[in-house]
Amino acid sequence: MALTVVGTMAFDEIETPFGKSGKIIGGSATYIAWAASNFVQPVNQVSVVGEDFPQAEMDALTARGVALDGVQVKKGEKSFYWSGKYHMDMNTRDSLVTDLNVLADFNPVIPDSYQGSEFLILGNLTPQVQMSVIEQLTVRPKLIVMDTMNFWMEAALDDLLKVLQKVDVLMVNDSEARQLSGEYSLVKAAKKILTMGPRYLIIKKGEHGALLFHENHVFFAPAMPLDDVYDPTGAGDTFAGGFIGYLAKTRDISFENMKTAIIVGSAMASFCVEKFGTSRLREVTHEELTTRLEQFVQLVNFDIDLV
């Protein structure tokens, strides 16, 4: 039931209305791995870093059950770096610096030890890189999940559409769903996107929860109302890690189980935003996760007498 994660491992520097992080560890694969490793091990990591990436971070992931055979370390080069500033609503941000560095010519290589993984999640990378990973697999995984963004819809739409035909689940936010489909209504957008290849579509709406679409079925999961939201960076990737980690643990990819997986993903994301970077994810206990999941159940549980 191994899970393979493909994405970035990076440095972030974040400013929100509540403080500045300084230079910290980020990247889509990092957040996904920290979240998913709560549910399934090994998590097979595929990424690229520079010589400047701290060994202590690698060791922490290894101790968590994350395999790093697929992480390339480029000698004499720097890791991907992103700096951003969030506005007061925490939903909008300005990218201040984006240095691709080692990511500019990243060609992932799937180690033999990763072959046979039943679950694959493709973080937000170029569609060409995502396709390269799929083509390297000798056996198709039981479930392939992919993330993408509006930039690839503008710069590499043809390649993106080819990848969509190869995956089972697409994750996008609401503006990306509208852009990809050309539809304002998210229901209409979902119907159109599901004709492009994926069997399932997840539309992330940040603090307003997430929608799951499959055929004529729709499920909505709320986000947890929190007292403190310090840093939304990585929340979407953490959501994805919780989602795919739970599915890999249960090995059940039915629509009903995906509904539970979305709640699990939302719970993990609610921890992520409570501190800068991955720091909160590293300390989540099983008891805390159980309590948070019970809070989600109460959030949507009600009795009604039909009139």
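Read-outs: derived from the displayed coordinates by stated rules, not from any lab. Remember, predicted model here, so these are calculated numbers, not experimental data. Positions of Cβ are generated from backbone atoms using ideal geometry, with glycine treated the same way; all protein chains shown enter the neighbour counts.
For the stretch 1-65, the list of GluC sites (Glu not before Pro) that fall in a loop by DSSP and count at most 13 other C-beta atoms within 10 angstrom reads E51.
Restricting the GluC sites (Glu not before Pro) of the stretch 223-307 to loop positions (DSSP other than H, G, I, E, B) with no more than 10 neighbouring Cβ atoms within 10 Å leaves nothing.
For V71, the amide hydrogen comes within under 5 Å of the amide hydrogens of S47, counting only partners 5 or more places away or on other chains and with H modelled in the peptide plane.
Between F220 and D252, the distance separating the two model label sites (each 7 Å from Cα on the Cα→Cβ line) works out to 2.5 nm. Restricting attention to the chain, close to 40% of DSSP beta bridges with both partner residues there are antiparallel.
3J(HN,Hα) along the stretch 227-236: 5, 10, 10, 8, 7, x, 4, x, 4, x Hz, from the Karplus curve 6.51 cos²θ - 1.76 cosθ + 1.60 with θ = phi - 60°, whole Hz, x for Gly and Pro.
So which of K74/K275; K166/K259; K191/K249 end up more than 27 Å apart, counting from Cα to Cα? Among K74/K275; K166/K259; K191/K249, the Cα-Cα distance tops 27 Å for K74/K275; K191/K249. For the pair N301 and K188, a Förster radius of 41 Å applied to the C-beta separation gives a FRET efficiency near 0.85, rounded to the nearest 0.05.
A cut-off under 15 angstrom between Cβ atoms defines the neighbours of E183, and their net charge, with Lys, Arg +1 and Asp, Glu -1, is +2.
Among S175, S95, S83, the largest mean-square fluctuation in a Gaussian network model of the chain (Cα springs under 10 Å) belongs to S95. Each helix, a run of at least 4 DSSP H residues, gives -39500 (n - 2.57); summed and divided by the residues of the chain, these come to -11000 deg cm²/dmol at 222 nm. GNM remark for the chain: springs join alpha carbons under 10 Å apart, and the peak mean-square fluctuation among S113, S21, S270 falls on S113. Given their separation in residues at 0.36 nm each and the Cα-Cα distance between them, Q55 and Q179 gain 40.7 nm when the chain is fully extended. Quick one: among N44, N91, N101, which has the greatest mean-square fluctuation in a GNM of the chain with alpha-carbon springs under 10 angstrom? Highest fluctuation of the listed residues: N91. Shown in residue order for the stretch 245-261 are the 3J(HN,Hα) couplings computed by the Karplus curve 6.51 cos²θ - 1.76 cosθ + 1.60 at θ = phi - 60°: x, 5, 5, 5, 5, 8, 6, 10, 10, 6, 4, 4, 6, 5, 4, 5, 4 Hz (x for Gly and Pro). Here the Karplus curve 6.51 cos²θ - 1.76 cosθ + 1.60, taken at θ = phi - 60°, turns the phi angles of the stretch 196-203 into couplings of 8, x, x, 8, 10, 10, 10, 10 Hz, with x standing for Gly and Pro.
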